[in-house]
Protein chains: 4
Amino acid sequence: MNDKKHNFSNDYSELAHPQVLQALAAATGQFSGYGEDVYCQAAKDLIKQRCGEPASQADVHFVSGGTQANLIVISSILRSHEAVVSTSLGHIYTNETGAIEATGHKVCAVPTVDGKLDASKIDALFDEYDNEHHVRLKAVYVSQSTELGTVYTPDELAALSAYCKNQGLYLFADGARLGSALNSRAWGLDYADFAALVDVFYIGGTKNGAMYGEAIVITNDELKADFRYNIKQRGALLGKSAAMGIQFQALFEDRLYDQLAQHANAMCQKLSEGITALGYKLFSPQQTNMIFPVFPTDIVSQMHALYDFYDREPVGDGFAVRLVTSWATPVEMVDQFLEDLAELS
Amino acid sequence: MNDKKHNFSNDYSELAHPQVLQALAAATGQFSGYGEDVYCQAAKDLIKQRCGEPASQADVHFVSGGTQANLIVISSILRSHEAVVSTSLGHIYTNETGAIEATGHKVCAVPTVDGKLDASKIDALFDEYDNEHHVRLKAVYVSQSTELGTVYTPDELAALSAYCKNQGLYLFADGARLGSALNSRAWGLDYADFAALVDVFYIGGTKNGAMYGEAIVITNDELKADFRYNIKQRGALLGKSAAMGIQFQALFEDRLYDQLAQHANAMCQKLSEGITALGYKLFSPQQTNMIFPVFPTDIVSQMHALYDFYDREPVGDGFAVRLVTSWATPVEMVDQFLEDLAELS
Amino acid sequence: MNDKKHNFSNDYSELAHPQVLQALAAATGQFSGYGEDVYCQAAKDLIKQRCGEPASQADVHFVSGGTQANLIVISSILRSHEAVVSTSLGHIYTNETGAIEATGHKVCAVPTVDGKLDASKIDALFDEYDNEHHVRLKAVYVSQSTELGTVYTPDELAALSAYCKNQGLYLFADGARLGSALNSRAWGLDYADFAALVDVFYIGGTKNGAMYGEAIVITNDELKADFRYNIKQRGALLGKSAAMGIQFQALFEDRLYDQLAQHANAMCQKLSEGITALGYKLFSPQQTNMIFPVFPTDIVSQMHALYDFYDREPVGDGFAVRLVTSWATPVEMVDQFLEDLAELS
Amino acid sequence: MNDKKHNFSNDYSELAHPQVLQALAAATGQFSGYGEDVYCQAAKDLIKQRCGEPASQADVHFVSGGTQANLIVISSILRSHEAVVSTSLGHIYTNETGAIEATGHKVCAVPTVDGKLDASKIDALFDEYDNEHHVRLKAVYVSQSTELGTVYTPDELAALSAYCKNQGLYLFADGARLGSALNSRAWGLDYADFAALVDVFYIGGTKNGAMYGEAIVITNDELKADFRYNIKQRGALLGKSAAMGIQFQALFEDRLYDQLAQHANAMCQKLSEGITALGYKLFSPQQTNMIFPVFPTDIVSQMHALYDFYDREPVGDGFAVRLVTSWATPVEMVDQFLEDLAELS
């Protein structure tokens, strides 16, 4: 894309994993439209199997992108006057051009330090939003992993889940980076444990090996009815949904999806260890495939000449930057980055 | 997909043309996100070149599906109280689960026989919708080719275009099957002649060789501002938009897109000629890759046992069915269909 | 307003009935906001009493206008992908500037001759709208009395109601002119019989004695939850809702509301009888306070010089015009109109 | 409403000023519908005259409530992807049940201490919202007076207005309590100075003498087109809009509107002076008809037994409560409140 050594700015800079591309190339013949084909069926079965009990009875749907998944799920769940709670860093709050509001719903944001929500923050909202002069809080949006690369631990998620059940709130997890989260040491459990704690979530394909496609998994029966109508209404029911079935089949056969996430996490851990060994702090702990080291501003500039990455915000005298690894990140590039950083430090 | 001989129910039953798949497989390395990559740039240039003057100054954007293209274009164009005119057979009116209405806009339908709109039908609407107690008509939606497989001729489209300009209406063409339309003998002119008559249109990839992707082309400067915001807000700005760039580059290099449409049209013409030679009527003239022959109901049943296709509506004693060919339709299957039909007739 | 003899164009040309104005003038002191005052409570009790069993358990809410009532009820009832059925003459379809669509929902119109819907027309829609590529039909909108001044008879409404229950459709009645309808000989039963057949309706104040205000009555328990949130969200929860309580209290004490409707109906019947006695036809039978006589076009012009009224549409050689009477129409003006018409005829 | 001595909880607890009620009672005869009557015309002329130059060319429209005014103005101004900036205390952000979001637009809130916005806060938003992954900021919402009873001074508003013009932002002022603001010593100038600094605002009737009704004043020509369509679409174009014309005519003849606001302000100032004389602090300075004194919690409880008012939030050991006066507040009740407070203190 340019003459820099490597792009660490995100995890969607490479087209798709070779096994995914091969599966696409191998799919010949005719198939049914709109996701009613054998590939989608097989992929759904694999996903439900991976999610285990009780999610084996879930409904699975494929859509092409994460913002789309978010807006379809949320607008499908809520009545007109109902709103969704998010952290102030939530992707739906800051980075989706008002996509949720465009479906008519307010996103109620609460401040966060580590990218996570907890019950006390939602309680504070309920204190304020207690009658018909305010929106009714009805859904909670969390990202697993979060926009800061952190992971809800099993205890944190269980507590939030119990709170939501108790308050009549649907818990929806944005899993654009679910692979990295569930394969993180900070989670340490399996998909089934995760799926049992939320009402609906999606498994991100785009950022973990697929060319495009996110798998929405609905475990709460109340939220299943007519979901395909909502997919269609938002322009997300693709004629050739089969292509997403093919990709997810490739990703969930033999747990390729997990292997790719593990690679991304391992590369990030290596990067993180090298950076902290050089004496730099992280803005947020390394748990997945995304870190925010704080560098002096002149180092930031010099590294920008060599690598692509995003700046986040000033921290003390320095600047926190965002480094993201992926299933495709070569270990050589991690080594090179650390070497260049060491030289400049 | 099943044990029938062939599926004539639509033109999106095969994954993608081999050259498209090869281009995807060949695209290695890293690229920029959200359509700001070299592939999208190259594809846009090719499309603008194909569209010629004055469309060479157009803005081109890629989104993953047709309903998405329709809802983004229309909601981007209109203010709250404005509405779009369509025929009563328009895809946005009947087949998109209220996608346009979900963005807040009424679709005003006028009856049609041949799938086409003309000025007199819109005039009749204006007579009724003449003040603030009614929506303001501001955009006109046509499909080229239409939902009945017909094509606006250059004269028809020029007349409609002039009317729209005169009335302050934006003219938007749904080109899900634009290849078939512009390569039809009923059009007979080039892309440039078409692009000059509309304010915005899209070139359908999904139904003509691509795995997914539609290219929105905005020729009217008034409609260009902030279009990417609207794409993002509707969940259609894919991280790996590059994949659509790769596909459209493959389709518009060496005019593969036109060759594929010509094949689909030719297969349909052959099918049409064979069917009419057996004495059957067509509900709508063959001009593109879709026909609606009228068969006795027992023939319909018997052919359904052998082939997949959609039924449309009763016509006299018989039933009009929909047969669609594509870039991938083998001539042998057309021959086989005609042979089977002859045998049953 | 001008120097014509009288305005027969609608039933909202006079401010409010004197008893309503007196009640407003008499309401001194302080009261609670947003409808939680003693006047609203008293008015709701009177309305529920008037509606009888089983509507005595209904929820009653006051909003300021009919379009507002329609859009709040419908958007509160429906999920995103659901739609409402109306006749093609329905006020929500033609005369509300896309108010329902602006809340995200399609209005599915079916043709009508007499302003009424019946089951067969909805069945025809269901034939077409049978999967997720179309909106889901979930509510039915009828006007009682209709936009043509006609009234659903008890049998007609019972049949439609049974059909809706059977199909899982909510039946909503726009009662902008409910007084005229329920006091029409074509209805012949009481409020209780009407309320038992619909899920939600509103009682129009504006067109029958009030300065403003419509009373929404929700009889179906499923539709009651959080309705005040929806009123507030659409800007219709007025701080001084008490003023509507005062007005409806005045209208429903001693059945003033019915007396006013009876006067309007009687004036219309007199007008109708006089007109037909002169040999003119009605486009639609006189049942309430609105008729559509067909006059030769020169008579229409000459009468326009003397009276205000709306033209509707050409019928044969003549033109159907709309004449509306109200609680305030003086019998002298009816006599005068008939005298002038006789002279011109 | 209950047996307390007085209700200080808001300024909409009394029906309407006697001159308003008399004007309504005096309006006999027939009038045109939907605001095209002589009363509305006269009221609009008086309002434009009061606003002076350059607002004499403004468009004026009447709607029944404040939330309605807010949602109509904002949804009429903005394209789909555009958003409005507000303080985190803005009525549209916290107290309207997501009314703006229900029209599809995000409200971007910035923190405030005194209820006011300034350029630096909006600049900080622009730093974040700088491309198509975020909403486009296009309008700014301020309340004059604010939700904390404070007033933008001429200098503050001029600075904000200049900033908005420079940034291409429309400046919209919610004037639910505009009378109290423009008659506050903190403003000190005339209506014309105010009207010249904003693009659109509304003059609140409900909280200053009217039974209902807010007058939207559009001074920026760009925002005038088709505004009535938007009023109608949101259900706010009342058949008997004349009633609002009558009320505003009464309020703006002989500047009754200003006299009422001055009374409310004077009562609040007296209350404020008495309270501070007893040694209590105010959470926010007294400038209009609303104050937030901080009382010990036991005093709050004891005063609640005698008077109605709202609690706001804990401040130190005590609690800030909200006291609102109106055009109807009797001086005796202010004296009584202060006497009771002194006794408990």
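The values are calculated or read from the model by the stated rules, or taken from the named source; none is laboratory data. What you see is a predicted model, and the numbers here were worked out from it, not measured in a lab. With ideal geometry, Cβ positions are generated from the backbone for all residues, glycine too; neighbour counts draw on all protein chains shown. We work out accessible area using only protein heavy atoms, side chains counted, and drop any ligands, DNA or RNA first. Shrake-Rupley method; radii C 1.70, N 1.55, O 1.52, S 1.80 Å.
Numbers at a glance
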item	result
Between region A:84-117 and region D:92-125, the alpha-carbon center distance in angstrom	14
Within 10 Å of each Cβ in C:76-89, the average number of Cβ atoms from other chains	4
Cα→Cβ-extended label distance, 7 Å offset, between C:Asp298 and C:Asp254, nm	5.1
Inter-label distance for A:Asp193 and A:Glu36, nm, one decimal - labels placed 7 Å from Cα along Cα-to-Cβ	4.0
Residue closest to axis [chain C; rotation mapping onto B; Cβ; Å]	C:Glu101, 2
Calculated [θ] (222 nm, deg cm²/dmol) that DSSP helices of n ≥ 4 give over chain B, each run adding -39,500 (n - 2.57)	-12000 deg cm²/dmol
Loop-resident sites, region D:93-195, for trypsin sites (Lys or Arg not before Pro), counting at most 13 other Cβ within 10 Å (DSSP)	D:Arg185
Gyration tensor (alpha-carbon) shape descriptor, chain A, a/c threshold 1.5	oblate
Most mobile of B:Ser326, B:Ser88, B:Ser80 in a GNM of chain B (Cα contacts under 10 Å)	B:Ser80
Formal net charge of residues neighbouring B:Ile291 (Cβ-Cβ distance under 14 Å; K, R +1; D, E -1)	0
At R0 = 22 Å, FRET efficiency that the Cβ-Cβ distance of C:Ala26 and D:Gln22 yields, to 0.05	0.95
Distances in nm from A:Val315 to the matching label points in the other copies, shortest first (labels 7 Å along Cα to Cβ)	3.8, 6.9, 7.9
Å² per residue, accessible surface of the protein assembly as shown at 1.4 Å	32
Gyration tensor verdict on the protein assembly as shown (Cα atoms; rounded if a/c is under 1.5, prolate if a/b is larger than b/c, oblate otherwise)	oblate
Mean Cα-pair separation over length for region A:198-299, i.e. relative contact order, pairs under 8 Å, 6 or more apart, %	18
Distance from region C:215-260 to region A:277-345 (C-alpha centre basis), Å	62
A:Gln336-A:Asp155 FRET efficiency (beta carbon distance; Förster radius 41 Å; 0.05 resolution)	0.60
Check: region A:115-157 dipole with +1 on Lys, Arg Cβ and -1 on Asp, Glu Cβ, in debye	200
The protein assembly as shown, dipole about Cα centre (Lys/Arg Cβ +1, Asp/Glu Cβ -1), debye to the nearest 20	0
Residue of D:Asp298, D:Asp258, D:Asp37 that the Gaussian network model of chain D assigns the largest fluctuation, springs spanning Cα pairs under 10 Å	D:Asp298
Local electrostatic count, A:Val334, Cβ distance below 12 Å [Lys/Arg +1, Asp/Glu -1]	-3
Loss of accessible area when A meets B, both sides summed, Å² nearest 100, probe 1.4 Å	3800
Shielding of A:223-233 by partner chains, average beta-carbon count, 10 Å	6
Sequence-separation-based contact order of chain D, relative, with Cα cut under 8 Å and 6+ spacing, percent	25
Rounded to the nearest 20 debye, dipole of chain C from Cβ charges on Lys, Arg, Asp, Glu	680
Charge sum, other residues only, whose C-beta stays under 11 Å from B:Gly245's C-beta, Lys/Arg counted +1 and Asp/Glu -1	-1
For region A:139-210 versus region B:1-22, the gap between their alpha-carbon centres in whole angstrom	37
Label distances, nm, B:Leu278 versus same residue in remaining copies, Cβ-directed 7 Å point	6.5, 7.4, 9.6
Nonlocal amide H pairs with B:Ser32, under 5 Å, H built at 1.01 Å	B:Val38
Anchor D:Lys165: lysines whose Cα lies under 24 Å away (excluding residues fewer than 8 positions away in-chain)	B:Lys224, D:Lys48, D:Lys106, D:Lys116, D:Lys121, D:Lys138, D:Lys224
Prolate/oblate/rounded call for region D:76-122, Cα gyration tensor, a/c under 1.5 rounded	oblate
